[in-house]
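Since every read-out is calculated from the coordinates, none of them should be taken as a lab result. Here the structure is a predicted model, which is why all the values come from computation and not from measurement. Neighbour counts are summed over all protein chains in view; Cβ atoms, including those assigned to glycine, are modelled from backbone coordinates with ideal geometry.
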Amino acid sequence: MVDVLVLGLLGALLGLDVVSFPQAQISRPIVAATLGGAFMGNAGVGMVCGVLLELFAHETLPFGASRYPEWGSSSPIAGAAAAAGVAAGGGAPMALLFAVPCGLLIAMFGGWTMVKLRELNARLARHRLEALARGSARTVAGLQVAGATADLARAGSVSLIGAICALPVARLIASRPAPLAPYAMPLLASLGGAVAAGAAWKMFHSTAGTRWFGLAGLALGTALVVWLTR
């Protein structure tokens, strides 16, 4: 129960970063899943889970009124589930084979809740149109605080539900035979890589100059990996 409550609080804070405050990129999967894994005692497997989720996250551009999966409240649960599976005696590949799809499902559910939150914010604003037309600073501040508070509660609820469902299942899977373990990491990496490559290809053909930034980032990242692993 303590694990679930703390993960719910962590997901609430990270989910708030997606849109409301402070938008500091701590809600990205590679950060959020690492934090979730660290809380469960294994930051390493949490980070690997975050890297795999990040491949899928590159497919969406979270700006404006677009609909997209909500990674802030889902990624720490995925990282925690992967760490819980390893702690329960399962191998990291099978733990990740459960945690990554689990994170994707929670992210999709979180994205749906964000749409509902926007609808709620619109209803609250419509009830105060006259005050907004007068330029009432108090009304604007009140709507901002109400929206941020509702977003905190939304993200916390998503994380809480996710943790309640994911952690017991991760521990249960860890206690079972794992015939798919040798294929788990290649499968996840190939699926995530294909999605990320498709997203990069789409961006390279739609935005001028991005291919050069992409190639520069690839070269820099490859050089960094080679230097760190020598």
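A few points about this structure:
- Contour minus Cα-Cα distance for Ala200 and Val225 (0.36 nm per residue): 6.9 nm
- Using the Cβ of Ala155 as centre and a radius below 15 Å, the other residues enclosed give a net charge of +1, where K and R count +1 and D and E count -1.
- Peptides ranked, highest mean first, by Cβ atoms within 10 Å: ranges 213-219, 189-195, 105-111, 42-48: 42-48, 105-111, 189-195, 213-219
- Each residue of region 128-141 is assigned a 3J(HN,Hα), and the resulting list reads 10, 4, 5, 5, 5, 5, 7, x, 5, 5, 5, 5, 4, 5 Hz, derived from the Karplus form 6.51 cos²θ - 1.76 cosθ + 1.60 (θ = phi - 60°), x at Gly and Pro.
- Gain on full stretching of the segment that runs from Leu218 to Arg134 - 0.36 nm per residue minus C-alpha separation: 25.1 nm
- Debye equation applied to the C-alpha atoms of region 92-147, log10 I(q)/I(0) at 0.25 Å⁻¹: -0.92
- Percent breakdown of C-alpha pair distances by 10 Å bin, ordered from the shortest bin, for region 2-183: 11, 38, 28, 14, 6, 2, 0
- Per-pair calculated FRET efficiency, R0 = 30 Å: Met1 and Leu187 via Cβ, rounded to 0.05: 0.35
- Value of relative contact order over the chain, rounded to a whole percent, pairs C-alpha under 8 Å and six or more apart: 27 percent
- Residue-wise HN-Hα couplings along region 219-226, as the Karplus relation 6.51 cos²θ - 1.76 cosθ + 1.60 with θ = phi - 60° gives them from phi, are 5, 5, x, 5, 5, 5, 5, 4 Hz; Gly and Pro carry x.
- Here the scattering of region 123-230 is modelled by Debye summation over its C-alpha atoms, one equal scatterer each and no solvent; at q = 0.11, 0.13, 0.16 Å⁻¹ the log10 of I(q)/I(0) is -0.85, -0.96, -0.97.
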